[in-house]
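Student: Before we start, here is the structure in question, set down as structure tokens.
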Amino acid sequence: MWELHRESFEASGQETGESSADFDRLVDGQVRRARTTYQKERALKELAGYDVDWDQISPQEVLALEKLVAQNPQEAQMQTFLEENPKFLIQALTGGHGRYQIAKPRLGAEFIPDFMVAEMDSMGIHWFAVELESPRKKAVRGDGSPRREVHQALAQVQDWRSWLSRNLEYARKRRDEHGLGLIGIDATVPGLILIGRREEYPEHYNEFRRSQLDRQRIEIHSYDWLVDVARSNSSRQLQLYAKTSYLHGRT
């Protein structure tokens, strides 16, 4: 069937200068778009109930996060707060077609990530694995090198990836097909580690963080970064609301 279309395309292309290579690119593009659409439709059905109302975050909500972080709570307290307030972890994502959060998904019997979060855009669904450490934990030694807790968190993300590489089909299957429902997840899923406070991150520690992002696709941030992202988005939303209200008031 595709050959008939190719012959027709080439016949018409004799007048326009288009070739069979152009036809192949056209077909490849259509196949990719169809595959992306199918994946998104499956993900929308599977992730119903995990979607997050990400585009509404108030200054009061940001203040609640800031106050909790300032108390340097235990990891379990942060886990509970972020489960009950899912909009915070997905604030750094940019997908405009939906954002999702799953708390403590089981990777078989071996591993339980703190969170899996996802965003959906025109290219499909993109997953991120999140490892929480306590805000009170120090990320850096006195000599500026990463502490054991950082290396353990990095190893944890790598363990999840290794498990996914061995069980990728199972992880991607819908739950009603006896899978995990992580539609479209990849064995090289990017990671996010939250640990400590910003004042304990010396400038030269940023080089190590950049190397982990570049080489391992794992971001390491303080909880102050999470507060800043939420505050920035809240401020932008308020400005947009004020501008929209002003324009409506003029009509």
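Student: Ratio to report: Rg/Rh of region 66-142, with Cα atoms as the point set and Rh obtained by the Kirkwood method; give two decimals.
Tutor: Reported Rg/Rh (Cα atoms, Kirkwood Rh): 1.02.
Student: When N is the residue count of region 140-239, what does its C-alpha Rg come to as a fraction of 2.2 N^0.38 Å?
Tutor: Ratio of Rg to 2.2 N^0.38 Å for region 140-239: 1.35.
Student: At 0.36 nm per residue, and after removing the present C-alpha to C-alpha distance, how many nm does the segment from GLU83 to THR188 gain when stretched out fully?
Tutor: Taking GLU83 through THR188 to full extension adds about 35.4 nm, to one decimal.
Student: How would you order 199-208, 75-84 from highest to lowest mean count of nearby Cβ atoms within 10 Å?
Tutor: 75-84, 199-208
Student: Report the gain in length on full extension from GLN158 to ASN206: 0.36 nm times residue separation, minus Cα-Cα distance, nm rounded to one decimal.
Tutor: The span from GLN158 to ASN206 would gain 15.2 nm if fully extended.
Student: Per 0.36 nm of contour for each residue apart, how much would the distance between LYS104 and LYS67 grow if the chain were fully extended, relative to their Cα-Cα spacing?
Tutor: Between LYS104 and LYS67, full extension yields an extra 10.9 nm.
Student: If you don't mind, another one. Can you tell me what the convex hull of the Cα atoms of region 59-236 projects to on average, as an area in nm²?
Tutor: 10.9
Student: If each of TYR170 and ALA76 carries a label point 7 Å out from its Cα toward its Cβ, how far apart are those two points in nm?
Tutor: Spacing of the two 7 Å Cα→Cβ label points: 2.9 nm.
Here, each number is a calculation from the coordinates, and none is a lab measurement. Just so you know, these numbers come straight off a predicted model, no measurement behind them. So basically every Cβ, Gly included, is an ideal-geometry build from the backbone, and we count neighbours across all protein chains shown.
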